[in-house]
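The values are calculated or read from the model by the stated rules, or taken from the named source; none is laboratory data. Quantities reported herein were computed from a predicted structural model and do not represent experimental measurements. Cβ coordinates were reconstructed from backbone atoms using ideal geometry, including for glycine residues, and neighbour counts include every protein chain displayed. SASA here: full protein model, heavy atoms, side chains in, ligands and nucleic acids out. Shrake-Rupley method; radii C 1.70, N 1.55, O 1.52, S 1.80 Å.
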Amino acid sequence: MNQYEALWAYQTEDMKADAIAAAIRRSPTRQRLEKARDFILDRQKEYKQIEEDVGAMVDRKDIIAQAIVRSRDQLQALQSRYESAPPRTQEDVRSLLSDVSRCRDTIRQYEVEISRIVRETETNEKRQRSVRLEAANAKKTFDQLKAEYEEESKSKKEELEVQRARAKEL
């Protein structure tokens, strides 16, 4: 066997090995396995994003709660000011009522914001449970597919090793 024939024989056997390797990669079970893995990774990313969103909302809620306390303190200060030194002129009354109105409006806006945050938190909790359940189910499917794929590919991998050894001999 001359050098070209040996090279040709090697290439032929090596191409057969590559075909076996490609068949292993194109396996429908492997495709489903990769899809399940990607789905699990997506659910993990989504879960992490939800946790970050909830953390940001909790921080925002705490800040708003502190602002409400400050606004209520301002209202009490206005009430104390009214009781200790009642307004003497119509302009003083208007000024006091304007200050009270501003504080109440601010408190209402904060309360609306807190209500929105509570609704979003409830929605996120539902999403979080759903994502967790989907990920758990996908993990079960992934484990089953992995076992199937390992069993399915075992013989093909042995065949691939034999084919690679043949090519190497040449």
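Might you let me know whether segment 4-21 holds any residue that is without any contact (Cβ under 8 Å) to a residue 24 or more places away in the chain and not in a helix (DSSP H, G or I)?
no
Give the number of residues within segment 73-89 that are over 17 Å from Arg104 (Cα atoms) and either hydroxyl-bearing (Ser, Thr, Tyr) or part of a helix (DSSP H, G or I) (or both).
3
Looking only at residues that are within 26 Å of Glu159 (Cα to Cα) and small (Gly, Ala, Ser) in segment 1-53, which one is modelled with the lowest pLDDT?
Restricting to residues being within 26 Å of Glu159 (Cα to Cα) and small (Gly, Ala, Ser), the top hit is Ala6.
Every residue in segment 70-88 that is without any contact (Cβ under 8 Å) to a residue 12 or more places away in the chain and hydroxyl-bearing (Ser, Thr, Tyr), please.
Ser80, Ser84
Would you say Tyr10 is open to solvent by 80 Å² or more (accessible area, probe 1.4 Å), in contact with a Leu (Cβ under 7 Å, 6 or more places away or on another chain) and not β-branched (Val, Ile, Thr)?
yes
Give the residue that is surrounded by the fewest Cβ atoms within 10 Å (Cβ to Cβ), with candidates limited to residues of segment 120-170 that are polar (S, T, N, Q), at pLDDT 90 or above and closer than 20 Å to Ser27 by Cα.
Just the residues of segment 120-170 that are polar (S, T, N, Q), to begin with: 121, 123-124, 128, 130, 137, 141, 144, 153, 155, 163.
Checking the rest, the ones that are also at pLDDT 90 or above come to 123-124, 128, 130, 137, 141, 144.
Okay, now just the ones that are also closer than 20 Å to Ser27 by Cα, so 141, 144.
Numbers: Thr141: 16, Gln144: 13.
My answer is Gln144.
Tell me yes or no: at least one residue of segment 28-46 is in contact (Cβ under 8 Å) with a residue 12 or more places away in the chain, closer than 19 Å to Ala165 by Cα and open to solvent by 80 Å² or more (accessible area, probe 1.4 Å).
Of segment 28-46, the ones in contact (Cβ under 8 Å) with a residue 12 or more places away in the chain are 29-30, 32-33, 36-37, 39-40, 43-44, 46.
If we keep only those that are closer than 19 Å to Ala165 by Cα as well, we get none.
No, segment 28-46 has no match at all.
Can you name every residue in segment 106-117 that is without any contact (Cβ under 8 Å) to a residue 24 or more places away in the chain and either open to solvent by less than 70 Å² (accessible area, probe 1.4 Å) or among the aliphatic types (A, V, I, L, M) (or both)?
Val112, Ser115
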